[in-house]
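The values are calculated or read from the model by the stated rules, or taken from the named source; none is laboratory data. It should be emphasised that the depicted structure is a prediction, and the values quoted were computed from it without experimental measurement. Here the Cβ positions follow ideal geometry from the backbone for every residue, glycine too, while neighbour counts run over all protein chains shown. Surface areas here come from the heavy atoms of the whole protein model, side chains and all, with no ligands, DNA or RNA. Shrake-Rupley method; radii C 1.70, N 1.55, O 1.52, S 1.80 Å.
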Amino acid sequence: FIDRIDRVDDETIEVIDYKTNRQIFTRDEVEHSLQLSLYHVAVQRMWPWAKNVRLTFHMLRHGLRLRTERTPEQLEAALRYVETMGRMTEEATEFPARLNSNCVWCDHRQQCPAYAAALKGQRDFICEDTADLEAVAREREEVARLAKLLYARKSELEGVLKTHLAEQDELVLAGVRYRMFNVTKVEHPLARTVQVLADATGMDRDQIVERIATVDGKALDRLLKEAGKTLDRSRVALLKAELDATAEKSFSPRFWAKEVAA
Ligand code: SF4
């Protein structure tokens, strides 16, 4: 399904696909997305009057729209690729299951032997020499795939137990006691907290704010979005840049891995 289609004007349609990915797509990924190419083809066939088709990935976590377009040659290449894949699928006589990061959403997983073996923790490859980086990476990817599948299965099983815990306080099963409990989240309202502290300590209110307050990034984003309804877009962009410039940034290394095309 296409997430959203906007008629921009009498000649232009914009297709928007919402993404919840943590990592922002690279320009290369946007330019070569087969998904967006096929959306363009679909739009052309459904609304032939559209002379311009804008293709957009909306990265929800980052509030970012990555726009692209396709040339007739790119569309032709995408169609040829899909036709070739279709032909190969029709002609193939064997379809070996390949565990991948999308297995947890696969409709066939309950019937898939590879998935069943993965749930049992079956491993194919163990790296015996960590000086062999190719082997290290190979095992790391296998473990990462399994971890994802097992984590999804754990959530599925917990869902079943939670349903029963909605009707009873406690379950004791397979030697384990299960209960639900409430986690308390304490949030101090800023103005009232500052007032109480200032009255009790005689400290200056600005000093207190400086010492205890930080701005909630998500709340700030929401506020800027709201401001965007009344303020000029360029004014909001400027405001955001101004706020970003005063923000304190810290960096921590993150491990990143993504499959490359063969
Ligand atoms: S669960 Fe099995 S059939 Fe489904 S995507 Fe994974 S390997 Fe393929």
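Table for the structure above
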read-out: The range 82-236: projected area of the alpha-carbon convex hull, averaged over directions, in nm²; value: 22.2 nm²
read-out: Unit charges at the beta carbon, dipole of the chain: most positive-side option, ALA245, GLN110, GLY228; value: GLY228
read-out: Whole-angstrom gap from the range 159-189 to the range 61-130, using each part's C-alpha centre; value: 36 Å
read-out: Per residue solvent-accessible surface (Å²) - the chain, probe of 1.4 Å; value: 81 Å²
read-out: Calculated SAXS-style log₁₀ I(q)/I(0) at q = 0.10, 0.12, 0.14, 0.22 Å⁻¹ - the range 163-262, Debye, Cα scatterers; value: -0.68, -0.84, -0.91, -1.16
read-out: Max mean-square fluctuation residue, GNM over the chain, Cα-Cα springs under 10 Å, options PHE57, PHE95, PHE181; value: PHE181
read-out: Relative contact order %, the range 4-91, counting alpha carbon pairs below 8 Å whose residues are six or more apart; value: 32 percent
read-out: Apportionment of accessible area to carbon and sulfur, the chain, percent (1.4 Å); value: 54 percent
read-out: Expected 222 nm ellipticity per residue - DSSP helices of 4 or more, -39500 (n - 2.57), all of the chain, to 500; value: -15500 deg cm²/dmol
read-out: Nearest-20 debye value, the range 100-154 charge dipole, Cβ charges on Lys, Arg, Asp, Glu; value: 500 debye
read-out: Cα radius of gyration and Dmax for the range 103-179 (Å); value: 16.9, 53
read-out: Debye equation applied to the C-alpha atoms of the chain, log10 I(q)/I(0) at 0.08, 0.10, 0.13 Å⁻¹; value: -0.63, -0.95, -1.26
read-out: Given LYS148/LYS225; LYS185/LYS229; LYS148/LYS185; LYS154/LYS240; LYS218/LYS258, the pairs whose alpha carbons are separated by over 30 Å; value: LYS148/LYS225; LYS185/LYS229; LYS154/LYS240
read-out: Sparse-neighbourhood loop sites, trypsin sites (Lys or Arg not before Pro) in the range 83-184 - DSSP loop, at most 13 other Cβ within 10 angstrom; value: ARG98, LYS120, ARG123
read-out: Loop-located GluC sites (Glu not before Pro) in the range 216-250, at most 15 other Cβ atoms within 10 Å (DSSP); value: GLU248
read-out: Highest-MSF residue in the chain out of ILE16, ILE126, ILE212 [GNM, Cα springs under 10 Å]; value: ILE212
read-out: Compactness of the range 161-219, expressed as Rg and Dmax over alpha-carbon positions, Å; value: 21.1, 58
read-out: Dipole moment magnitude, nearest 20 debye, the range 124-167 about Cα centre, only Lys, Arg, Asp, Glu C-beta charged; value: 380 debye
read-out: Prolate/oblate/rounded label for the range 4-91 (Cα gyration tensor, a/c 1.5); value: oblate
read-out: Candidates per GluC sites (Glu not before Pro) in the range 44-124, loop by DSSP, up to 11 other Cβ within 10 Å; value: GLU94
read-out: About the Cα centre, charge dipole magnitude for the chain (Lys/Arg +1, Asp/Glu -1 at Cβ), debye; value: 580 debye
